[in-house]
Amino acid sequence: MKIRQEKGITLVALIITIIVLVILAAVTINAAFNSGIIDTAVNGAVNYADAQKKEQITFDDLDKNIQDIVKQIEDYNIGGNNPMPPTIEDPTPELEAPKQDGSYDSARKVNTPKVEGTGLIPVYHNGAEWKDLTSTSTKAEWNSWFNYDTQKWANARTADGSMWVWIPRYEYKINSSAKTIAVNFIEGTSTTTTSGYTLHPAFGTDLNNGGWSSDISGFWVAKYAAGFQNATAGEADKTVENSGLKYTTTETYTANYLQSNLAVGSDITLPVFKANTYAYNCISVGDSYLLTQKIGTAGMYGLRNVDSHLQKNSEWGAVAYLTHSKYGLNGAEVTTNSKNLDNTIDTKGASGIKGNVYTVTSYGDSDTANDTNASSTHNMSGVFDLSGCVWESTAGFCKGGNTSTPEWHSAMATNGTTASTKYVTIYENSYDANNKKGDAVKETSTNGDSWNGSWNGDYSGFVTTSSPVFDRGGYCGGGSYAGVFAFHYNRGNPSYSHGFRVVLIP
């Protein structure tokens with residue numbers, strides 16, 4: 001019994017031991033707090049977590065940079081597989097190359113120029129010269145083709161070098177008191193218009209107002225008044241292509257550039273539409289009417305799937321209204337082309353000039369005297385010769401007009417004086433009798449028939465049965481009376497002061 005008592009631990013001793021341990025722990029904890037050990041441990045844990053976070057951010061940034069580098073390597077035009085790589089000139093192209101089928105471009109908010117399937121070649125001016133646009137052109141070059149918001153109109157050329165300008169489908173609203181014209185482009189061939197606006201009839205189907213046989217997304221108008229072949233510098237040896245037509249009349253002026261003695265039955269040559277060219281004058285309106293319809297199929301132009309015709313009053317008006325709008329000169333005037341040469345002057349490279357005065361189509365390409373102020377946009381992309389050069393005979397005629405004189409070809413007498421067609425617009429024999437829209441006649445006139453009855457003080461003279469043909473734009477000697485709103489009556493006879501212009505419907 002005694003031995004067991006010496007080796008055992010009593011309950012009292014165990015309790016005392018626990019109390020001592022508790023006291024020692026309390027003293028230790030107190031010392032730790034007082035010495036900052038706990039604070040140090042906590043701060044160490046926080047700093048470690050912060051370091052981990054910063055490290056993760058660094059790795060994330062590095063990963064992003066690596067991915068960007070990989071993407072740039074993948075995008076680089078290795079092997080020429082990327083058709084339009086980023087370039088120094090066009091590092092961040094804003095728009096894709098536009099379509100060329102007349103469809104609506106939602107980015108540019110206008111119908112695209114229709115060149116597909118026509119033989120037309122899209123071109124742009126780079127500040128020094130015209131350049132073709134092809135499948136190998138860059139986005140920057142295609143973006144230079146047109147931007148109507150910045151008064152850059154689309155241009156194209158035909159195989160012979162003649163130039164054409166795209167006039168897209170639009171609606172308009174005229175403020176007669178302020179003499180302003182508001183224009184909105186219309187999507188596709190929609191006939192829906194904004195309240196207060198009118199679809200320009202040149203794009204619609206109302207034949208009596210100068211419409212076409214179907215709704216169209218736009219049309220191509222000759223950039224310059226018609227000019228004679230071989231009448232520009234460097235073309236003296238060019239082969240002259242005849243139209244297959246013969247002149248049907250001569251009257252008063254019997255000379256043109258190609259023949260000093262123009263005679264009935266002689267060949268009619270096809271025109272060109274270029275700068276620095278002698279205007280195609282001394283031709284009757286009847287012959288012009290037939291000649292212009294040959295252009296769409298004549299070999300020298302390389303055209304296909306287009307309808308060519310003598311410009312109508314409505315089409316002249318469509319160009320004039322767009323010129324006057326914010327997409328053109330926004331109310332400013334086109335400078336008058338007053339350039340003409342007589343038979344003693346030869347400064348443009350042509351030779352053998354005979355007969356009367358020869359007006360020169362606009363020369364903004366090379367002659368700073370007129371420069372681009374003779375353009376509908378005051379830049380190279382616009383339409384020239386809308387003011388001056390020659391009076392341009394149109395397919396706008398007075399009903400009941402005299403058809404007994406020789407300048408009226410039989411085709412005109414049969415088809416052109418009784419009812420409007422897609423090629424001809426007939427007017428009543430009274431200024432107020434036929435209130436047509438869109439033709440820049442009554443809508444932009446203030447004083448009726450007078451020397452300065454149209455906007456900008458342009459000439460105003462309505463057709464009559466004895467002078468049944470509408471002429472537009474004014475002559476090079478017309479001074480302030482010439483302009484985009486000028487109109488005049490004419491018998492349709494050949495004259496050195498009269499020429500014509502052509503429209504293509506693709």
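Quick look at the numbers
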{"read-out": "Net charge over other residues, Cβ less than 14 angstrom from the Cβ of ARG501 (K, R count +1; D, E count -1)", "value": "0"}
{"read-out": "Whole-number percent relative contact order across region 449-504, with pairs defined as alpha carbons under 8 Å at least 6 apart", "value": "33"}
{"read-out": "Net charge contributed by nearby residues that have their C-beta within less than 13 Å of PHE146 (K/R +1, D/E -1)", "value": "+2"}
{"read-out": "Total formal charge among the other residues, if their Cβ is under 13 angstrom from that of LYS99, Lys/Arg +1 and Asp/Glu -1", "value": "-2"}
{"read-out": "By accessible area with a 1.4 Å probe, ligands and nucleic acids excluded, highest first: order of TYR104, TYR148", "value": "TYR104, TYR148"}
{"read-out": "Built amide H within the under 5 Å cut-off of TYR170, gap 5+", "value": "ILE186, HIS200"}
{"read-out": "Amide H within-cut-off set for ASN340, under 5 Å, with H built and near neighbours excluded", "value": "VAL360"}
{"read-out": "Simple spin-label estimate for SER106 and SER190 in nanometres, 7 Å along Cα-Cβ", "value": "1.2"}
{"read-out": "Centre separation in Å (Cα based) which lies between region 162-216 and region 257-334", "value": "21"}
{"read-out": "Probe 1.4 Å - accessible area at VAL272, Å² to nearest ten", "value": "0"}
{"read-out": "Accessible surface ranking that places the most exposed of GLU141, GLU392 first, with a 1.4 angstrom probe", "value": "GLU141, GLU392"}
{"read-out": "Listed residue pairs exceeding 26 Å between alpha carbons, taken from LYS109/LYS173; LYS99/LYS223; LYS173/LYS294; LYS109/LYS294; LYS294/LYS436; LYS131/LYS422", "value": "LYS173/LYS294; LYS109/LYS294; LYS294/LYS436; LYS131/LYS422"}
{"read-out": "For ASP206, distant residues with modelled amide H under 5 Å away", "value": "GLY211, TRP212"}
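The values are calculated or read from the model by the stated rules, or taken from the named source; none is laboratory data. Model, not experiment: these values are computed from the prediction. For neighbour counting, all protein chains shown are included, and Cβ atoms are generated from backbone atoms with ideal geometry for every residue, glycine included. Remember, those area values only see protein heavy atoms, side chains included, never the ligands or the DNA or RNA. Shrake-Rupley method; radii C 1.70, N 1.55, O 1.52, S 1.80 Å.
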